[in-house]
1. Is there any pair linking a residue in the stretch 5-20 that is surrounded by 11 or more Cβ atoms within 10 Å (Cβ to Cβ) to one that is in a helix (DSSP H, G or I) and among the β-branched types (Val, Ile, Thr), with Cβ under 6 Å and at least six apart or on different chains, and which?
2. Report yes if some residue within the stretch 106-123 is under 19 Å from the mean Cα position of the chain (by Cα), over 30 Å from residue 18 (Cα atoms) and either surrounded by fewer than 16 Cβ atoms within 10 Å (Cβ to Cβ) or modelled with pLDDT of 65 or more (or both); otherwise report no.
3. In the stretch 1-33, how many are modelled with pLDDT of 95 or more, closer than 19 Å to residue 174 by Cβ and of a type outside the set (D, E, K, R)?
4. Being open to solvent by 70 Å² or more (accessible area, probe 1.4 Å) and either in a helix (DSSP H, G or I) or modelled with pLDDT of 95 or more (or both) is the filter here, so list the residues in the stretch 63-99 that pass it.
5. Looking only at residues that are open to solvent by less than 40 Å² (accessible area, probe 1.4 Å) and in a strand (DSSP E or B) in the stretch 141-177, which one is nearest to residue 80 (Cα to Cα)?
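The values are calculated or read from the model by the stated rules, or taken from the named source; none is laboratory data. This one's a predicted model, so the numbers in the text were calculated from it and none came from an experiment. Using ideal geometry, Cβ is built from the backbone for each residue, glycine included, and neighbour counts are taken over all protein chains shown. Areas reflect the complete protein model, heavy atoms only, side chains present, ligands, DNA and RNA absent. Shrake-Rupley method; radii C 1.70, N 1.55, O 1.52, S 1.80 Å.
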Amino acid sequence: NHMGHALLTRLLLPVLKQTAAAETNADVRVIFLSSALESTAPKTGYESNSTLRTNMQDFSTWTRYGQSKLANIHYARALSQQYPEIKFISLHPGVVETNLTTEFISGLNWLVSVVLRFVKGFITVGVEKGALTSLWAATSPDAKSGVFYHPVGVAGKDTRLARDEGVCRRLWEYTEK
């Protein structure tokens, strides 16, 4: 979930930079789809290099998923610092009705799953509404580079760990290496 994004972005960087340089006021953007479940990442952010190079079987699926979504936020922020001529934006689309959401809810205790369906912020939305934050990030002049957004265009809901510049720098160095 992270290295694939990083490689694709790295391969596209020459064209992105060329496009940004070719036009005055060019609006070149890369959108990273993250998740509010970045909050399920390990409290240290990222495990050691030796652990990251395994399937991390000692960690829950949600911990691994949260770590990869935290990486989407950090990598977008690090890229925004390295390449200010390009906007790198990360976002949480909302809780969209997909097989991932269905699997998450069905894996919970039935009472917890019923309660979650009514908790504000965990209300699932259809795919059409789930696309709104991505569309906003791709087109809005208000979207800022290096920022993590929640639906629709709301900044500042990321965790303390997602805002940690030291952990962000560690991911950048790991990825570059």
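1. Correct list of pairs: 6/175.
2. Looking only at the stretch 106-123, we keep the residues that are under 19 Å from the mean Cα position of the chain (by Cα), and these are 121-122.
Pick out the ones that are also over 30 Å from residue 18 (Cα atoms) and you get 121-122.
Keeping just the survivors that are either surrounded by fewer than 16 Cβ atoms within 10 Å (Cβ to Cβ) or modelled with pLDDT of 65 or more (or both) gives 121-122.
So far as the stretch 106-123 goes, yes, one or more of its residues are under 19 Å from the mean Cα position of the chain (by Cα), over 30 Å from residue 18 (Cα atoms) and either surrounded by fewer than 16 Cβ atoms within 10 Å (Cβ to Cβ) or modelled with pLDDT of 65 or more (or both).
3. The qualifying residues number 7.
4. Let us first name the residues in the stretch 63-99 that are open to solvent by 70 Å² or more (accessible area, probe 1.4 Å), namely 64, 81-82, 84-85, 97, 99.
Of everything in the stretch 63-99, those that are open to solvent by 70 Å² or more (accessible area, probe 1.4 Å) and either in a helix (DSSP H, G or I) or modelled with pLDDT of 95 or more (or both) turn out to be 64, 81, 82, 84, 85, 99.
5. Residue satisfying both the conditions and the ranking: 148.
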